[in-house]
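Report on the structure given below.
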Amino acid sequence: MALDVHYEIFRRQGAGSWSLVEVRDKRDDALAFADELVKAGATGVKVVKETFNEASGDYLSLKVFEHGAIKTKAKPKYDDVPSTPCFKVDDLYSYHARKTIAQLIPDYLAHHKVTVTELGHRADLLEKLEAAGTLLQQAIQRVAVCQAIENENEVLKIIRSLSELTTQACHRVYRDTAKGRFAACKPGHFAALAEKLAEASDGRYLLNGVVAGYLKDAKSWDEKVRRLMVLMDEIHGETAGAKLLLAVIDTLIGEILTGSAGLKALIGTQANQGEAVMALVKLFLGREPDQTEGHHGLIALTKQFAADTLPNARGAIADRIIAEIRSFKRLVPDSLEEELKALRQIANLVVVGIGKYLSHEDLIAAFVLRSQRLITSESLAPYLHGEAPDVKLERVLFVEENIIGAENKRRLAAFITPIVTGPLFEEHFQSPKVPVIQRLQQLVQLADRVMHSSFQENHKTEITDVIDRVAASVESKGRLFDSIDKRNASPNEKAFAVIKLLSSNALTSPRLTGRAREMVIGYLGKPGFLAGYVAQNAKDGMPPDRDAAVADLMRLLEKAGITPETGLKTIAA
């Protein structure tokens with residue numbers, strides 16, 4: 001059983017809600033960071049240990065530290081268990097009760113490859129559950145503790161009541177099984193049976209029992225799904241029986257997809273979590289899986305999803321997609337770059353499914369939360385470690401392009417400032433091993449990426465200003481402008497050498513572009529500039545065309561950022 005452990009650090013200001021501020025891999029690091037938050041004046045800090053069980057696909061949460069807890073009503077020991085009260089046997093078959101049961105005994109369900117609905121209608125499984133030591137009693141106790149806290153009743157009284165209801169439910173199934181009320185039914189006859197049972201008050205309960213028996217000897221989750229898809233072929237029209245049979249199938253498929261064990265087995269083994277989530281998205285969208293061999297049930301299910309005939313099941317897989325995006329499980333554990341690429345691919349595909357099952361708001365919130373977890377120092381430090389300053393900046397900008405959330409962008413911008421302001425950044429670009437123009441072009445590209453990013457405007461200005469200052473220093477030490485100015489050439493040739501630099505995306509703004517334009521304007525004002533330019537652009541055998549030459553010059557100056565008005569005022573004849 002593979003386990004993955006991390007520690008989440010939460011902070012609370014005043015009496016507000018908890019907000020996640022950091023994630024650490026080691027307990028000592030998490031506790032040390034929490035201590036720093038306490039010293040910094042946070043009114044509340046807590047550290048929660050999250051343990052991922054790969055076998056079940058679920059997380060186990062355990063609070064290991066809390067400071068500044070607000071003394072209110074006592075919290076239940078098992079606060080992860082819903083506590084909707086059950087007063088009669090039929091309440092145990094409700095949606096909320098089935099969801100609670102699935103949370104209480106997931107290992108038992110996974111071991112026997114059954115859903116809660118199947119368990120609740122099969123005498124053989126209920127007998128095994130009753131004989132499974134303290135498993136059933138512990139599950140009842142967990143629910144009782146939650147209900148006792150919320151309803152201020154005695155725990156023992158609730159345990160007694162739930163135990164009696166559970167016993168009554170089991171005995172009901174035992175009796176109905178002995179009476180043959182769950183008689184075997186073969187494919188092709190379920191529609192007729194459903195029409196008959198639709199008129200009975202306990203028709204759904206009986207049909208569930210018959211379908212559970214039909215699935216009993218299925219060897220795998222995929223075969224179980226395939227068998228249910230066979231029954232879908234019997235559903236025609238809007239009769240009461242057709243609706244009843246569809247509801248039963250839809251519920252069972254939804255339970256399979258909600259259970260981690262069934263879903264994992266259904267989509268097959270994936271290389272990483274990113275591919276697993278992509279498989280979920282493709283299933284939700286009704287697209288055939290990449291691996292088809294041995295997945296006949298899954299393929300049939302995707303066709304039903306494409307036709308949107310199983311609303312509850314599609315809703316279940318939509319909820320699972322949101323949960324997986326929000327989870328702490330890394331999409332690609334060994335590479336942040338591949339993680340971000342996988343996240344972008346998932347985002348590009350899942351937006352197609354926005355609608356009645358997936359809301360835009362829920363998706364955005366999930367991606368913002370996952371983005372937040374990818375811009376912690378623990379995630380970024382290994383990604384940036386040992387790289388040259390320019391590569392570090394490029395990598396942070398790549399991260400920015402693949403995360404969302406204004407606050408996440410603001411936090412990420414804080415990683416750039418020490419990179420560009422550190423001495424190593426300028427030292428790197430002062431290296432004479434690379435031609436000065438090439439270094440300046442790289443700085444322009446970095447500045448452009450910053451300006452086209454979604455950082456806040458003040459962060460963009462701050463970062464690009466530093467890059468511009470570094471570029472000005474690089475030009476000064478490389479004497480690029482001085483080399484042009486000292487050439488043994490005409491003002492015309494010098495002006496166009498600088499214009500070429502301006503148009504080749506080699507100068508940052510505003511320092512270098514401003515100085516370059518001043519140089520061009522200076523050359524334009526030199527005596528004889530216009531006459532030399534007109535003569536230079538004259539065609540062989542043709543007299544010089546002054547107006548055409550001036551118009552062409554104005555176009556070049558405008559591309560270089562110099563207005564025609566400024567050019568015309570400056571040009572010397």
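Miscellaneous remarks
- Remark: the chain carries a charge dipole of roughly 400 debye about the Cα centre, counting +1 on each Lys and Arg Cβ and -1 on each Asp and Glu Cβ.
- Placing dummy labels 7 Å off each Cα toward the beta-carbon, the span from Ala178 to Leu285 is 5.4 nm.
- Here's the picture: charge each Lys and Arg Cβ at +1 and each Asp and Glu Cβ at -1 in the chain, and of His189, Leu512, Gly297 the one pushed furthest to the positive end of that dipole is Leu512.
- DSSP-loop GluC sites (Glu not before Pro) across region 299-369, with at most 12 other Cβ within 10 angstrom: none
- Put the Cα centre of region 97-143 next to the Cα centre of region 26-42 and the gap is 40 Å.
- Within the chain, helix-based [θ] at 222 nm, where runs of 4 or more DSSP H residues each add -39,500 (n - 2.57), nearest 500: -19500 deg cm²/dmol
- Positive-end residue of Gln13, Pro435, Asn537, charge dipole of the chain with Cβ unit charges: Gln13
- Taking a point 7 Å from the Cα of Val64 along the Cα-to-Cβ direction, none of the residues of region 264-290 has its backbone N closer than 20 Å to it.
- Ranking of Ile325, Ile256, Ile140 by neighbouring Cβ atoms within 10 Å, starting from the fewest: Ile140, Ile325, Ile256.
- Note on Kirkwood radius over Cα pairs in Å: of the candidates (i) 28.8; (ii) 25.6; (iii) 29.5, the value calculated from this structure sits at (iii).
- Rounded, prolate or oblate (a/c below 1.5 giving rounded, otherwise prolate when a/b exceeds b/c) for region 85-203 by Cα gyration tensor: prolate
- Label-point separation, Thr269 to Val434 (7 Å along Cα→Cβ), nm: 4.4 nm
- Sequence of Val155, Val399 once ranked by neighbouring C-beta atoms within 10 Å, starting from the fewest: Val155, Val399
- Projecting the Cα atoms of Ala148, Val368, Ala40 onto the charge dipole of the chain, computed from C-beta unit charges around the Cα centre, puts Ala40 farthest toward the positive end.
- Qualifying trypsin sites (Lys or Arg not before Pro) in region 388-485, DSSP loop, other Cβ atoms within 10 Å at most 16: Lys433, Arg479
- Fewest-first sequence of Thr570, Thr563 by Cβ atoms within 10 Å of each Cβ: Thr563, Thr570
- Distance distribution note for region 471-573: the fraction of Cα pairs above 25 angstrom is 20%.
- Inter-label distance for Lys219 and His189, nm, one decimal - labels placed 7 Å from Cα along Cα-to-Cβ: 2.5 nm
- Sorted from longest to shortest, the spans of the Cα atoms of region 386-478 along the three principal axes equal 40, 27, 19 Å.
- Filtered trypsin sites (Lys or Arg not before Pro), region 333-389: DSSP coil and at most 16 other beta carbons within 10 Å: Lys356
A short reminder: the numbers here are calculations on the coordinates, not readings from a lab. This structure is a prediction, so every number in the text was calculated from the model and none was measured. Virtual Cβ from ideal backbone geometry, glycine too; neighbours counted across all protein chains shown.
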